[in-house]
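Here is the structure we will look at.
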Amino acid sequence: MSAKTVSVKENILAANTEKAEQSRKLLSSRNVLMVNVMSSPGSGKTSLILQTVNRFRHKYRIAVIEGDIASSIDTDKITRQNIPAIQINTGGGCHLDARMIRNSLDTMDLGQIDLIFIENVGNLVCTADFDLGAHKNVVILSIPEGDDKPYKYPVIFIEADAVVVNKTDVLPHFDFNLDDFPGIIRGLNPSAKVFPVSAKTGEGLDSWFSWIEEMLM
Ligand code: MG
Ligand code: ZN
């Protein structure tokens, strides 16, 4: 990579961070918590968000921003639960950026919302480079993906506030060392929380729900 290429990337990221800071300030001033959920495709972002929405929908007002390269399949799953969802189609782009989120926030009545989930584009690589203005960044890793992913994609795990290990229901069928996994994450990121869960069976979700709710109270 040439020096020029590096500085262009730095400028893009600096502009992105500035926009993200504006969103974070706006949300904080309106008492809205925003959580950015990242993972590979198929790790369970939509499932975890739906479980969390169903747990809290009678107590808190929730909205979802859905990022996908194409389609509104996940947005349709959310709106079917009568939860407001905004679709962002990146048109081939492999991540969301702060401007897309800021534009989405401008269409929402923030006075009527307590909690916003962002479902990022399924991608463990560049999603982590772009601050979206969320208060917390969450990475989901599912058991079938393997316990070596924090070594292969360290940046996203280093920047995460919480790592959700999803699909613990299939643990017996895979060589995923769940006992040692929290230690691996601690080695990269000592302050990250680790939540082993099954969004399918509900196992382990109570600790995750408590972590979310502590931030809402
Ligand atoms: Mg999804
Ligand atoms: Zn990207």
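Quick notes on this one:
- Here the Karplus relation 6.51 cos²θ - 1.76 cosθ + 1.60, evaluated at θ = phi - 60°, turns the backbone of the stretch 56-62 into coupling constants of 10, 5, 8, 10, 10, 8, 10 Hz, with x for every Gly and Pro.
- Given charges at beta-carbon only (K, R positive; D, E negative), |dipole| of the chain in Debye: 480 debye
- Each of Ser47, Asn11, Gly122 was placed along the dipole of the chain (beta-carbon charges, centred on the mean Cα), and the one lying farthest toward the positive end is Asn11.
- Residue by residue, the stretch 63-80 carries 3J(HN,Hα) couplings of 9, 10, 10, 9, x, 9, 5, 7, 6, 10, 4, 6, 4, 4, 5, 6, 5, 4 Hz when phi is fed to the Karplus relation 6.51 cos²θ - 1.76 cosθ + 1.60 (θ = phi - 60°); x denotes Gly or Pro.
- Of all lysines in the structure, those lying under 25 Å Cα to Cα from Lys4, and not within fewer than 8 positions of it along the same chain, are Lys19.
- Taking every DSSP helix (H) stretch of at least 4 residues in the chain, weighting each as -39,500 (n - 2.57) and dividing the sum by the residue count yields a mean residue ellipticity at 222 nm of -11500 deg cm²/dmol.
- Within a Gaussian network of the chain (alpha carbon springs, distance under 10 Å), most fluctuating of Ser207, Ser23, Ser142: Ser207
- Restraint check, Lys9/Lys45; Lys25/Lys59; Lys136/Lys167; Lys9/Lys200; Lys9/Lys77, Cα-Cα greater than 31 Å: Lys9/Lys200; Lys9/Lys77
- Part-to-part distance (alpha-carbon centres) for the stretch 173-187 and the stretch 113-163, which is given in Å: 17 Å
Each reported figure results from applying straightforward, stated rules to the coordinates on display, with no laboratory input. Just so it is clear, the structure is predicted and the values come from calculations on it, not from any experiment. Note: ideal-geometry Cβ built from the backbone for every residue, glycine included; neighbour counts use all protein chains shown.
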